Amino acid sequence: MSLAQFKLLRPRTAEEAIGYLAKHGGKTRILAGGTDLIPSMRQKLFEPEYALDIRHIAELRGIRMQPGNGVEIGALTSLTAIERSGFLRRHYPVLTEAAATVASPLLRNMGTIGGNICLDTRCLWYNQSLTWRKGCGFCIKKDGNLCHVAPGGTKCWAAFSGDTPPALLCLNAEIEIVGSGGARRVALREFYTGDGENYRKLLPGELVTRVFLPAESADYRGVYRKLRVRGSIDYPLAGVAVVMKRANGHVADARIAMTAVNPAPMLVERAGEMLIGKAVDEALAEAAGDAAARTAKPLTTSALTPEYRREMIRVFTKRAVLAAASN
Ligand SMILES: Cc1cc2nc3c(=O)[nH]c(=O)nc-3n(C[C@H](O)[C@H](O)[C@H](O)COP(=O)(O)OP(=O)(O)OC[C@H]3O[C@@H](n4cnc5c(N)ncnc54)[C@H](O)[C@@H]3O)c2cc1C
Ligand code: SF4
(Lines give C-alpha, C1' and ligand atoms only; values in the text may rest on other atoms or scores of the structure.)
(Ligands and ions follow the chains in the order given, each with its own letter.)
Protein backbone atom coordinates (compact mmCIF):
# COMPACT_ATOMS: atom_id res chain seq x y z
CA MET A 1 0.00 0.00 0.00
CA SER A 2 1.56 3.22 -1.14
CA LEU A 3 1.39 6.61 0.52
CA ALA A 4 -0.53 9.36 -1.23
CA GLN A 5 1.43 12.56 -1.86
CA PHE A 6 1.56 15.14 0.94
CA LYS A 7 3.69 18.16 1.84
CA LEU A 8 5.98 17.76 4.84
CA LEU A 9 6.19 20.67 7.29
CA ARG A 10 9.14 20.60 9.71
CA PRO A 11 8.88 23.16 12.51
CA ARG A 12 11.76 23.55 15.01
CA THR A 13 9.70 25.18 17.76
CA ALA A 14 6.23 24.70 19.18
CA GLU A 15 5.42 28.28 18.18
CA GLU A 16 6.34 27.54 14.56
CA ALA A 17 4.21 24.37 14.68
CA ILE A 18 1.18 26.32 15.96
CA GLY A 19 1.74 28.86 13.17
CA TYR A 20 1.56 26.06 10.57
CA LEU A 21 -1.55 24.63 12.23
CA ALA A 22 -3.24 28.04 12.28
CA LYS A 23 -2.62 28.29 8.53
CA HIS A 24 -3.30 24.72 7.37
CA GLY A 25 -5.00 23.06 10.41
CA GLY A 26 -7.95 21.39 8.66
CA LYS A 27 -5.72 19.89 5.94
CA THR A 28 -2.95 18.69 8.27
CA ARG A 29 -2.13 15.61 10.37
CA ILE A 30 0.40 15.85 13.17
CA LEU A 31 3.22 13.34 12.77
CA ALA A 32 5.08 12.40 15.98
CA GLY A 33 6.67 8.90 15.92
CA GLY A 34 4.45 8.02 12.95
CA THR A 35 4.03 4.41 14.14
CA ASP A 36 0.24 4.57 13.92
CA LEU A 37 -0.24 7.50 11.55
CA ILE A 38 1.91 6.21 8.67
CA PRO A 39 0.25 2.74 8.47
CA SER A 40 -3.13 4.54 8.63
CA MET A 41 -2.11 6.86 5.80
CA ARG A 42 -1.07 3.81 3.75
CA GLN A 43 -4.56 2.40 4.33
CA LYS A 44 -5.96 5.75 3.11
CA LEU A 45 -7.68 6.33 6.43
CA PHE A 46 -6.05 9.77 6.36
CA GLU A 47 -5.07 11.62 3.20
CA PRO A 48 -3.82 14.96 4.52
CA GLU A 49 -2.45 17.64 2.28
CA TYR A 50 0.21 18.39 4.93
CA ALA A 51 2.00 16.28 7.54
CA LEU A 52 3.31 18.38 10.41
CA ASP A 53 6.47 16.53 11.49
CA ILE A 54 7.02 17.67 15.10
CA ARG A 55 9.96 15.33 15.78
CA HIS A 56 12.55 18.10 15.67
CA ILE A 57 10.95 20.26 18.35
CA ALA A 58 13.44 19.68 21.19
CA GLU A 59 11.34 21.53 23.79
CA LEU A 60 8.62 18.84 23.50
CA ARG A 61 10.98 16.03 24.53
CA GLY A 62 12.06 14.96 28.02
CA ILE A 63 11.04 14.07 31.57
CA ARG A 64 11.42 16.99 33.98
CA MET A 65 10.98 16.73 37.73
CA GLN A 66 9.19 19.72 39.28
CA PRO A 67 10.19 19.67 42.98
CA GLY A 68 7.01 19.59 45.06
CA ASN A 69 4.90 19.66 41.91
CA GLY A 70 5.26 16.20 40.41
CA VAL A 71 6.71 15.65 36.99
CA GLU A 72 6.25 17.02 33.49
CA ILE A 73 6.71 14.80 30.42
CA GLY A 74 7.11 16.33 26.95
CA ALA A 75 4.59 14.97 24.43
CA LEU A 76 7.42 13.83 22.14
CA THR A 77 9.12 11.73 24.83
CA SER A 78 9.51 8.20 23.52
CA LEU A 79 7.83 5.27 25.22
CA THR A 80 11.29 3.73 25.65
CA ALA A 81 12.46 6.80 27.58
CA ILE A 82 9.42 6.47 29.84
CA GLU A 83 9.86 2.73 30.28
CA ARG A 84 13.55 3.23 31.20
CA SER A 85 13.18 6.26 33.47
CA GLY A 86 14.40 5.26 36.94
CA PHE A 87 12.49 8.20 38.45
CA LEU A 88 9.17 7.19 36.88
CA ARG A 89 9.75 3.53 37.73
CA ARG A 90 10.28 4.44 41.41
CA HIS A 91 7.50 6.98 41.80
CA TYR A 92 4.91 6.27 39.07
CA PRO A 93 5.41 2.53 38.35
CA VAL A 94 2.00 1.99 36.74
CA LEU A 95 3.08 4.25 33.87
CA THR A 96 6.41 2.53 33.19
CA GLU A 97 4.68 -0.86 33.36
CA ALA A 98 2.02 0.19 30.84
CA ALA A 99 4.56 1.85 28.51
CA ALA A 100 6.68 -1.33 28.49
CA THR A 101 3.76 -3.32 27.04
CA VAL A 102 3.20 -1.10 23.98
CA ALA A 103 3.94 -2.86 20.66
CA SER A 104 7.63 -3.86 20.39
CA PRO A 105 11.00 -2.31 21.40
CA LEU A 106 11.48 -0.78 17.95
CA LEU A 107 8.02 0.80 17.95
CA ARG A 108 8.55 2.07 21.50
CA ASN A 109 11.77 3.77 20.35
CA MET A 110 9.77 5.64 17.70
CA GLY A 111 6.37 5.96 19.42
CA THR A 112 5.72 8.91 21.74
CA ILE A 113 3.53 9.47 24.79
CA GLY A 114 1.65 12.25 22.94
CA GLY A 115 0.92 9.88 20.05
CA ASN A 116 -0.24 7.22 22.49
CA ILE A 117 -2.65 9.64 24.17
CA CYS A 118 -3.96 10.90 20.80
CA LEU A 119 -4.11 7.43 19.20
CA ASP A 120 -7.01 6.87 16.81
CA THR A 121 -9.71 4.39 17.87
CA ARG A 122 -9.62 0.92 16.29
CA CYS A 123 -12.13 -1.48 14.69
CA LEU A 124 -11.99 -4.60 12.53
CA TRP A 125 -14.10 -2.79 9.93
CA TYR A 126 -11.95 0.34 9.90
CA ASN A 127 -8.27 -0.65 10.13
CA GLN A 128 -8.30 -2.14 6.65
CA SER A 129 -7.17 -1.18 3.17
CA LEU A 130 -9.27 1.10 0.98
CA THR A 131 -10.23 -1.84 -1.28
CA TRP A 132 -11.38 -3.90 1.70
CA ARG A 133 -13.44 -1.04 3.18
CA LYS A 134 -14.91 -0.20 -0.21
CA GLY A 135 -15.99 -3.84 -0.64
CA CYS A 136 -17.96 -3.58 2.61
CA GLY A 137 -19.61 -0.26 1.76
CA PHE A 138 -17.46 1.79 4.22
CA CYS A 139 -18.81 2.89 7.64
CA ILE A 140 -19.60 5.95 9.77
CA LYS A 141 -16.01 6.43 10.95
CA LYS A 142 -14.72 6.86 7.41
CA ASP A 143 -16.55 7.57 4.15
CA GLY A 144 -19.86 5.80 4.97
CA ASN A 145 -23.06 6.17 6.97
CA LEU A 146 -23.67 2.77 8.57
CA CYS A 147 -22.05 0.77 11.35
CA HIS A 148 -21.24 -2.91 10.78
CA VAL A 149 -20.78 -3.48 14.51
CA ALA A 150 -24.05 -1.94 15.70
CA PRO A 151 -26.32 -1.99 12.62
CA GLY A 152 -29.04 0.62 12.69
CA GLY A 153 -27.05 2.80 15.09
CA THR A 154 -25.64 6.24 14.38
CA LYS A 155 -22.68 6.10 16.75
CA CYS A 156 -19.20 4.65 16.11
CA TRP A 157 -18.05 2.14 18.76
CA ALA A 158 -14.43 1.73 17.62
CA ALA A 159 -12.34 1.00 20.72
CA PHE A 160 -9.68 3.30 22.13
CA SER A 161 -6.65 0.99 22.28
CA GLY A 162 -3.74 2.89 23.82
CA ASP A 163 -1.92 1.35 26.80
CA THR A 164 -0.63 4.39 28.71
CA PRO A 165 -3.89 6.41 29.05
CA PRO A 166 -5.47 4.08 31.68
CA ALA A 167 -2.25 4.37 33.73
CA LEU A 168 -2.29 8.16 33.28
CA LEU A 169 -5.96 8.30 34.33
CA CYS A 170 -5.11 6.40 37.53
CA LEU A 171 -2.42 9.02 38.19
CA ASN A 172 -4.86 11.92 37.68
CA ALA A 173 -2.68 13.19 34.82
CA GLU A 174 -3.30 16.48 33.06
CA ILE A 175 -2.24 17.49 29.56
CA GLU A 176 -1.33 20.82 28.05
CA ILE A 177 -2.95 21.70 24.72
CA VAL A 178 -1.59 24.65 22.76
CA GLY A 179 -3.27 26.49 19.87
CA SER A 180 -3.15 29.95 18.37
CA GLY A 181 -5.38 31.20 21.21
CA GLY A 182 -2.82 30.10 23.86
CA ALA A 183 -2.32 27.12 26.15
CA ARG A 184 -4.91 25.27 28.22
CA ARG A 185 -4.38 22.54 30.79
CA VAL A 186 -7.03 19.83 30.99
CA ALA A 187 -7.50 16.72 33.07
CA LEU A 188 -6.90 13.70 30.83
CA ARG A 189 -10.26 12.30 31.97
CA GLU A 190 -11.90 15.28 30.19
CA PHE A 191 -9.98 14.76 26.92
CA TYR A 192 -11.91 11.80 25.48
CA THR A 193 -15.47 12.03 24.19
CA GLY A 194 -16.62 8.38 24.33
CA ASP A 195 -17.52 8.52 20.61
CA GLY A 196 -15.31 6.33 18.40
CA GLU A 197 -15.53 8.74 15.47
CA ASN A 198 -14.57 12.05 17.09
CA TYR A 199 -12.84 10.46 20.04
CA ARG A 200 -10.83 13.38 21.49
CA LYS A 201 -11.39 17.04 22.25
CA LEU A 202 -8.67 18.54 20.08
CA LEU A 203 -9.26 21.23 17.47
CA PRO A 204 -7.47 21.03 14.09
CA GLY A 205 -5.21 23.94 15.11
CA GLU A 206 -4.13 22.38 18.40
CA LEU A 207 -1.13 20.39 19.59
CA VAL A 208 -0.67 18.33 22.78
CA THR A 209 2.60 19.61 24.26
CA ARG A 210 3.05 18.21 27.79
CA VAL A 211 1.74 15.66 30.29
CA PHE A 212 1.71 16.45 34.01
CA LEU A 213 1.73 13.87 36.79
CA PRO A 214 0.82 15.46 40.14
CA ALA A 215 3.03 14.99 43.22
CA GLU A 216 -0.01 13.61 45.13
CA SER A 217 -0.12 10.64 42.73
CA ALA A 218 3.49 9.63 43.39
CA ASP A 219 4.51 6.51 45.26
CA TYR A 220 1.34 4.49 44.71
CA ARG A 221 1.83 0.84 43.96
CA GLY A 222 0.93 0.27 40.33
CA VAL A 223 0.01 -2.68 38.15
CA TYR A 224 -1.02 -2.91 34.47
CA ARG A 225 -2.48 -6.06 32.90
CA LYS A 226 -3.23 -6.45 29.20
CA LEU A 227 -4.91 -8.93 26.86
CA ARG A 228 -3.47 -9.21 23.34
CA VAL A 229 -3.32 -11.79 20.60
CA ARG A 230 0.45 -11.69 19.98
CA GLY A 231 2.35 -11.30 23.25
CA SER A 232 5.41 -9.76 21.60
CA ILE A 233 3.74 -6.95 19.59
CA ASP A 234 0.07 -6.06 19.79
CA TYR A 235 -2.54 -3.52 20.70
CA PRO A 236 -4.55 -4.28 23.85
CA LEU A 237 -7.94 -5.96 23.39
CA ALA A 238 -8.61 -5.34 27.08
CA GLY A 239 -6.36 -3.57 29.57
CA VAL A 240 -6.59 -2.70 33.28
CA ALA A 241 -4.45 -0.32 35.35
CA VAL A 242 -4.59 -0.22 39.16
CA VAL A 243 -2.87 2.14 41.61
CA MET A 244 -3.07 1.67 45.36
CA LYS A 245 -1.75 3.15 48.60
CA ARG A 246 -2.07 1.19 51.82
CA ALA A 247 -1.81 2.08 55.51
CA ASN A 248 -1.96 -0.38 58.42
CA GLY A 249 -2.87 -3.22 56.08
CA HIS A 250 -5.88 -1.35 54.69
CA VAL A 251 -6.35 0.46 51.38
CA ALA A 252 -5.88 4.19 51.95
CA ASP A 253 -6.58 5.10 48.32
CA ALA A 254 -7.02 3.26 45.02
CA ARG A 255 -7.96 3.95 41.43
CA ILE A 256 -8.76 1.54 38.61
CA ALA A 257 -8.96 2.37 34.89
CA MET A 258 -9.41 0.32 31.74
CA THR A 259 -8.73 0.53 28.04
CA ALA A 260 -9.63 -1.16 24.74
CA VAL A 261 -13.20 -2.08 25.72
CA ASN A 262 -14.93 1.27 25.15
CA PRO A 263 -14.45 4.16 22.70
CA ALA A 264 -12.53 5.95 25.48
CA PRO A 265 -10.15 4.82 28.23
CA MET A 266 -11.99 5.29 31.52
CA LEU A 267 -11.68 5.32 35.27
CA VAL A 268 -13.96 2.80 36.98
CA GLU A 269 -14.65 5.05 39.93
CA ARG A 270 -16.91 2.60 41.77
CA ALA A 271 -14.33 -0.17 41.61
CA GLY A 272 -11.60 2.03 43.11
CA GLU A 273 -13.82 3.51 45.82
CA MET A 274 -15.11 0.13 47.02
CA LEU A 275 -11.56 -0.84 48.05
CA ILE A 276 -10.89 2.19 50.25
CA GLY A 277 -10.71 1.53 53.99
CA LYS A 278 -10.71 -2.25 53.54
CA ALA A 279 -8.12 -5.04 53.68
CA VAL A 280 -7.79 -6.65 50.26
CA ASP A 281 -8.78 -10.30 50.03
CA GLU A 282 -10.02 -12.55 47.21
CA ALA A 283 -13.68 -11.57 47.70
CA LEU A 284 -12.98 -7.82 47.63
CA ALA A 285 -10.72 -8.12 44.55
CA GLU A 286 -13.43 -10.16 42.86
CA ALA A 287 -16.07 -7.52 43.65
CA ALA A 288 -13.83 -4.85 42.09
CA GLY A 289 -13.49 -7.10 39.03
CA ASP A 290 -17.28 -7.42 38.79
CA ALA A 291 -17.69 -3.62 38.95
CA ALA A 292 -15.08 -3.12 36.21
CA ALA A 293 -16.66 -5.79 33.97
CA ARG A 294 -20.04 -4.07 34.34
CA THR A 295 -18.52 -0.81 33.04
CA ALA A 296 -16.80 -2.46 30.06
CA LYS A 297 -18.86 -2.35 26.87
CA PRO A 298 -16.81 -4.23 24.27
CA LEU A 299 -18.47 -4.88 20.92
CA THR A 300 -17.33 -6.91 17.92
CA THR A 301 -14.63 -4.42 16.98
CA SER A 302 -11.76 -6.91 17.30
CA ALA A 303 -10.76 -10.50 16.59
CA LEU A 304 -11.74 -11.66 20.11
CA THR A 305 -15.36 -11.89 21.22
CA PRO A 306 -16.88 -9.12 23.38
CA GLU A 307 -17.82 -11.74 26.02
CA TYR A 308 -14.22 -12.92 26.38
CA ARG A 309 -12.84 -9.37 26.53
CA ARG A 310 -15.36 -8.39 29.23
CA GLU A 311 -14.53 -11.53 31.19
CA MET A 312 -10.83 -10.71 30.96
CA ILE A 313 -11.50 -7.23 32.38
CA ARG A 314 -13.03 -9.01 35.39
CA VAL A 315 -10.09 -11.43 35.70
CA PHE A 316 -7.35 -8.81 35.15
CA THR A 317 -8.93 -6.37 37.59
CA LYS A 318 -9.06 -9.02 40.29
CA ARG A 319 -5.45 -10.09 39.62
CA ALA A 320 -4.17 -6.52 39.42
CA VAL A 321 -5.88 -5.55 42.71
CA LEU A 322 -4.37 -8.61 44.45
CA ALA A 323 -0.95 -7.87 42.95
CA ALA A 324 -1.07 -4.18 43.95
CA ALA A 325 -1.99 -5.21 47.51
CA SER A 326 0.80 -7.74 47.80
CA ASN A 327 3.96 -6.26 46.25
C1 LIG B 1 2.36 -3.39 14.94
C2 LIG B 1 1.91 -2.31 15.88
C3 LIG B 1 1.59 -2.62 17.19
C4 LIG B 1 1.17 -1.63 18.06
N5 LIG B 1 0.86 -2.00 19.35
C6 LIG B 1 0.45 -1.05 20.23
C7 LIG B 1 0.19 -1.40 21.57
O8 LIG B 1 0.36 -2.55 21.99
N9 LIG B 1 -0.27 -0.44 22.40
C10 LIG B 1 -0.46 0.85 22.00
O11 LIG B 1 -0.87 1.67 22.83
N12 LIG B 1 -0.18 1.21 20.74
C13 LIG B 1 0.29 0.31 19.85
N14 LIG B 1 0.61 0.68 18.56
C15 LIG B 1 0.36 2.06 18.14
C16 LIG B 1 1.53 3.05 18.31
O17 LIG B 1 2.77 2.45 18.03
C18 LIG B 1 1.60 3.68 19.70
O19 LIG B 1 0.31 3.98 20.16
C20 LIG B 1 2.46 4.93 19.74
O21 LIG B 1 2.56 5.42 21.06
C22 LIG B 1 1.92 6.06 18.88
O23 LIG B 1 2.80 7.15 19.01
P24 LIG B 1 3.42 7.87 17.75
O25 LIG B 1 4.29 8.97 18.29
O26 LIG B 1 4.06 6.93 16.82
O27 LIG B 1 2.09 8.48 17.12
P28 LIG B 1 1.78 8.88 15.61
O29 LIG B 1 1.56 7.65 14.81
O30 LIG B 1 2.75 9.88 15.12
O31 LIG B 1 0.38 9.64 15.85
C32 LIG B 1 -0.76 8.97 16.31
C33 LIG B 1 -1.93 9.96 16.32
O34 LIG B 1 -1.72 10.98 17.31
C35 LIG B 1 -1.64 12.28 16.72
N36 LIG B 1 -0.60 12.98 17.46
C37 LIG B 1 0.65 12.51 17.74
N38 LIG B 1 1.30 13.36 18.56
C39 LIG B 1 0.44 14.40 18.79
C40 LIG B 1 0.54 15.59 19.57
N41 LIG B 1 1.64 15.89 20.28
N42 LIG B 1 -0.51 16.43 19.60
C43 LIG B 1 -1.66 16.12 18.90
N44 LIG B 1 -1.81 15.01 18.13
C45 LIG B 1 -0.76 14.16 18.10
C46 LIG B 1 -1.33 12.01 15.24
O47 LIG B 1 -1.78 13.06 14.42
C48 LIG B 1 -2.09 10.72 15.02
O49 LIG B 1 -3.46 10.99 14.85
C50 LIG B 1 1.07 -0.28 17.64
C51 LIG B 1 1.42 0.05 16.33
C52 LIG B 1 1.82 -0.95 15.44
C53 LIG B 1 2.20 -0.56 14.06
S1 SF4 C 1 -17.73 0.69 15.19
FE2 SF4 C 1 -19.00 0.83 13.33
S3 SF4 C 1 -18.71 2.91 12.55
FE4 SF4 C 1 -17.08 2.52 14.04
S5 SF4 C 1 -15.35 1.81 12.83
FE6 SF4 C 1 -16.47 -0.02 13.48
S7 SF4 C 1 -17.95 -0.45 11.85
FE8 SF4 C 1 -17.17 1.63 11.55
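What the table below lists for this structure:
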| item | result |
| --- | --- |
| CD proxy at 222 nm, helix term only [per DSSP H run n ≥ 4: -39500 (n - 2.57); per residue of the chain; nearest 500] | -8500 deg cm²/dmol |
| Stretchable slack from Cys136 to Glu47, in nm (0.36 nm times residue separation minus alpha-carbon distance) | 30.0 nm |
| Computed magnitude of the charge dipole of the chain (debye, nearest 20; Cβ of K, R +1, Cβ of D, E -1) | 520 debye |
| Exposure ranking of Glu190, Glu216 by accessible area [1.4 Å probe, largest first] | Glu216, Glu190 |
| Surface accessible to a 1.4 Å probe, Met1 within the full protein complex, Å² | 140 Å² |
| Residue among Pro151, Pro236, Pro298 with the largest mean-square fluctuation in a Gaussian network model of the chain, springs linking Cα atoms under 10 Å | Pro151 |
| Antiparallel %, DSSP beta bridges [both residues in the chain], to 5 | 85 percent |
| Estimated FRET transfer efficiency (Arg184, Arg10; beta-carbon r; R0 30 Å; 0.05) | 0.70 |
| Whole-Hz couplings from phi, Karplus 6.51/-1.76/1.60, listed for the stretch 159-171; x for Gly and Pro | 8, 6, 10, x, 8, 7, x, x, 5, 5, 5, 4, 8 |
| Local net charge near Leu119, Cβ-Cβ under 12 Å (Lys/Arg +1, Asp/Glu -1) | -1 |
| Computed over the chain: relative contact order in percent, which uses C-alpha pairs under 8 Å that are six or more apart | 16 percent |
| Listed residue (Phe316, Ala288, Leu275) projecting farthest to the positive dipole end of the stretch 200-319, Cβ model | Phe316 |
| Listed pairs Lys142/Lys318; Lys27/Lys141; Lys201/Lys297; Lys23/Lys297; Lys7/Lys201; Lys134/Lys155 exceeding 29 Å between Cα atoms | Lys142/Lys318; Lys23/Lys297 |
| Kirkwood-Stokes translational diffusion coefficient of the stretch 156-287, alpha-carbon pairs, 10 °C, 1.306 mPa s, µm²/s | 99 µm²/s |
| Among Leu299, Leu207, Ser85 - extreme Cα towards positive end, dipole of the chain, charges at beta-carbon | Leu299 |
| Calculated FRET efficiency for the pair Thr193/Arg294, C-beta based, R₀ 25 Å, to 0.05 | 0.70 |
| Net charge over other residues, Cβ less than 12 angstrom from the Cβ of Gly196 (K, R count +1; D, E count -1) | +3 |
| Reach of Lys278 by Cα under 14 Å, taken over aspartates and glutamates that are not fewer than 8 positions away in the same chain | Asp253, Glu286 |
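The values are calculated or read from the model by the stated rules, or taken from the named source; none is laboratory data. Since we're looking at a predicted model, the values are computed, not measured. Here Cβ is always computed from backbone atoms with ideal geometry, including for glycine, and neighbour counts include all displayed protein chains. What goes into the accessible areas is simple: the full protein's heavy atoms, side chains included, and nothing from ligands, DNA or RNA. Shrake-Rupley method; radii C 1.70, N 1.55, O 1.52, S 1.80 Å.
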